[in-house]
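Peer 1: If you scroll down you'll find the structure; I have some questions about it.
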Amino acid sequence: MIGASMSATNDPIEILSRRFIDAIRGAFPEAGEGVDPLIRPCGQPELGDFQCNVAMALAKRLGKKPRDVAGAIAAAVDLSGVAHPLTEGAIAGPGFINIRLLGDALAASLAAMDDAHLGVAPAAQPERVVVDLMGVNLAKQMHVGHLRSPLIGDAIARTFARLGHTVIRQNHLGDWGLPIAMVTARLVRLEAAGKIDLNTLTLDQLDEAYRAAQMECQRDTAGLEAVRRFGLGPKAEAELEAQVEGATEAFMEARRTLVALQAKEPKTYAVWQRVRDVTMRVCMDVCARLHVDVTDEHSAGESFYADELAGVVGDLVTRGIAEESDGALIVRLDDPRWGDIETPCLIRKRDGGYLYATTDVAAIRHRVQRLHADRIVYCIDARQALHLRQVFGVSLKAGYAANPMTGRDAVMRHAAFGSVLGEDGRPFKTRSGESVRLSDLLEETVVRAQKTVKERSPDQPEEESRRIAEAVGMAAIKYADLSNDRVKDYVFSFDRMLAFEGNTGPYLLYALVRTRSILRKAAAAGVGDSWRRVPPGVNEPAEKMLALTLLRYPAALAGVADALEPHRLCQYLFELSGVFGTFFDQCPVLQSEGAVRDGRLRLCWLTGRVLEDGLTVLGIPLLERM
RNA sequence: GCCCUCGUAGCUCAGUUGGAUAGAGCAACGGAUUUCUAAUCCGUCGGUCGCAGGUUCGAAUCCUGCCGGGGGCGCCA
């Protein structure tokens, strides 16, 4: 369990678990140690607050009737000071034991949660967690396809950090190799011809140059063959011959440029550096606007590992990990220890070139041997699943994944995600079939958000509505992505993510804003802050529901870390916002008096704190009013 | 051909790692407003959990086989 649990003293599930473990020990000594009493929030609030599901499983092991086992446990358990005594009606169905908490105990648990950590105990064994997120390519405009990795990766990184682990973010840039050399070669040529000015170079120009470079290096040998075979005439043949010749020349130039880059030849390297700077500037701007915590210092791309590839491959050959096959070098992984993968991993081509698998293996070696990672999380497209399994397998087989500090293999996991689809169910594109620039997408979201903000609050100054729209827009776009099970594709829809009804980012912000509003008004009315120290209200059904939901926060966070699924936290925060909405509707705060009012103020305060904390873990910006 | 992945209400999606009568949101319909921000709340309608077997007290969840969508399979990254 990588996720933290609530500190044992205040979580009702922990308290109940201990009581039931004692009861099981007393009633069934033969059950042995380490029995999980399976305490869960009760599915039906009318039956209880929590339920114990252990009787059925235990009965099977002991060869007894489930209801008899449940009865024995119920008779043996001591719930004094925690929950109401169990009556006969508490045992239901095949052997569920329904538990009703004492109001005082519930209020006390909640009050205990109102500490600096919101009940989230720092990890007992902090790990060093490397999170691989993003991975943009040089000289290419960022588009929708680049959205999910940083959003999901950042949310996962923030979750681990929140739980007390040390997080190291890594932006695995596609900044090396022949494709980059092709662009660089083209830019060198264009600049020499005075056709471009590197000082004013934009990413759009780079994007165009990238495509042009791809085109001019691509030899149409297949076309030439076809022309010859079908005898389409000397003119067509001559044209294609010229194309192939030109492409071959461009290709050779790119290869020379790659060699120059590897040697860090000053002129060529400077151009490459410029390409990198222009690309990264835009990338960092997008990250900043998205509130994704990735900066230049997290960059460690292909160029970073370029000098290590020969050493890695040499090591693998020397130690017999890699073997030759058809002139290339491969690593066999068809063994359960390495993942039981039929397809071998290719790490060096017949022509001596390295592949992206080679770089990824070098990256794992670096991350574990030098950064001392205990865990590496890859937030990468689901299509890379096989590739990553292979890379993990090679690293294990080579011993690169063995952490030198602990001697244990780093836990390597792929947080795979699906595609962003348009409303037609096909990959998200513009009407003309172009991919949508990420910066355009963000701007359109904010513009749409501002339109609605203005409709709601026409009197707001322009600056204020723009500021609110910015947060609402980012909340909308991020929540829409994070709230889906990451492994599935999802349909991108401005209308749905910005419709401020239902399961959306703006809805959560609205819930937060309402908690703030009440506390602001209380302060303005001179209520003081003595309510900070009174027990939270848990008498009304809506209060109680809110209290029970608040207590689930630490478990929700832990679930995200265990499953690498931020949507679990989204689901939780949405439920919390919902029960707060009901509470808000049914339990007047400022119109109440005395202990009732104070207890409700404290519930608002706690709800606000949990929403604030949870939204921050998701990387969603906060608002005081909207 | 082999491997991975998805299939739940008209639409978009959850389902706490095998628990009780499968839940939300949207859409549709009805209700609540002297607003602690109605960007809200309450209710009604809506299901062969792709299909068929199997495992057991109990399956949307696990195992097998099909059907359908998407993706991947040694010299691109």
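The values are calculated or read from the model by the stated rules, or taken from the named source; none is laboratory data. Here the structure is a predicted model, which is why all the values come from computation and not from measurement. Every residue, glycine as well, gets a Cβ built from its backbone with ideal geometry; the counts of neighbours run over all protein chains shown. Keep in mind that these areas ignore ligands, DNA and RNA; they rest on the heavy atoms of the full protein, side chains included. Shrake-Rupley method; radii C 1.70, N 1.55, O 1.52, S 1.80 Å.
Peer 1: Leaving out ligands, DNA and RNA, and with a 1.4 Å probe, what % of the accessible surface on chain A is carbon or sulfur?
Peer 2: 51
Peer 1: If you keep only loop residues by DSSP, which trypsin sites (Lys or Arg not before Pro) in the stretch A:25-130 have at most 15 other Cβ atoms within 10 Å of their Cβ?
Peer 2: A:K64
Peer 1: Sort out for me the Cα centre separation of the stretch A:366-411 from the stretch A:540-586, rounded to whole Å.
Peer 2: Value for the Cα centre distance between the two parts: 34 Å.
Peer 1: Note down the relative contact order for the stretch A:12-101 as a percent, whole number, built from C-alpha pairs under 8 angstrom at least six residues apart.
Peer 2: 31
Peer 1: Next up: Under a 1.4 angstrom probe, counting protein chains only, how are A:V453, A:V188, A:V596 ranked by accessible area, largest first?
Peer 2: A:V596, A:V188, A:V453
Peer 1: Exceeding 23 Å between C-alpha atoms, which entries from my cross-link table qualify? They are A:K478/A:K521; A:K140/A:K349; A:K140/A:K195; A:K195/A:K267; A:K267/A:K349.
Peer 2: A:K478/A:K521; A:K140/A:K349; A:K267/A:K349
Peer 1: Averaged over all directions, how much area does the convex hull of the C-alpha atoms of the stretch A:178-263 cover when projected, in nm²?
Peer 2: 6.5
Peer 1: Reachable lysines from A:K64, Cα under 25 Å, same-chain residues fewer than 8 places away excluded?
Peer 2: Reachable lysines: none.
Peer 1: Using only C-alpha atoms and all pairs of different ones, pull out the Kirkwood radius for chain A in Å with one decimal.
Peer 2: Over chain A, the inverse of the mean reciprocal pair distance is 28.3 Å.
Peer 1: Run the helix sum for chain A: -39,500 (n - 2.57) per DSSP H stretch of 4+ residues, divided by residue count, reported at 222 nm to the nearest 500 deg cm²/dmol.
Peer 2: That calculation yields -17000 deg cm²/dmol at 222 nm.
Peer 1: Accessible area per residue of chain A at 1.4 Å probe, in Å²?
Peer 2: Dividing the accessible area of chain A by its residue count gives 46 Å².
Peer 1: What's the longest piece of chain A with no exposed GluC sites (Glu not before Pro), counting a site as exposed if DSSP puts it in a loop and it has at most 14 other beta carbons within 10 Å?
Peer 2: Longest site-free region, per DSSP loop and neighbour criteria: A:47-422.
Peer 1: Which ³J(HN,Hα) values in Hz, rounded to whole numbers, follow from the phi angles of the stretch A:359-370 under the Karplus curve 6.51 cos²θ - 1.76 cosθ + 1.60, where θ = phi - 60° and Gly and Pro get x?
Peer 2: Once θ is set to phi - 60°, the couplings for the stretch A:359-370 become 4, 5, 5, 4, 5, 5, 4, 5, 5, 8, 6, 9 Hz.
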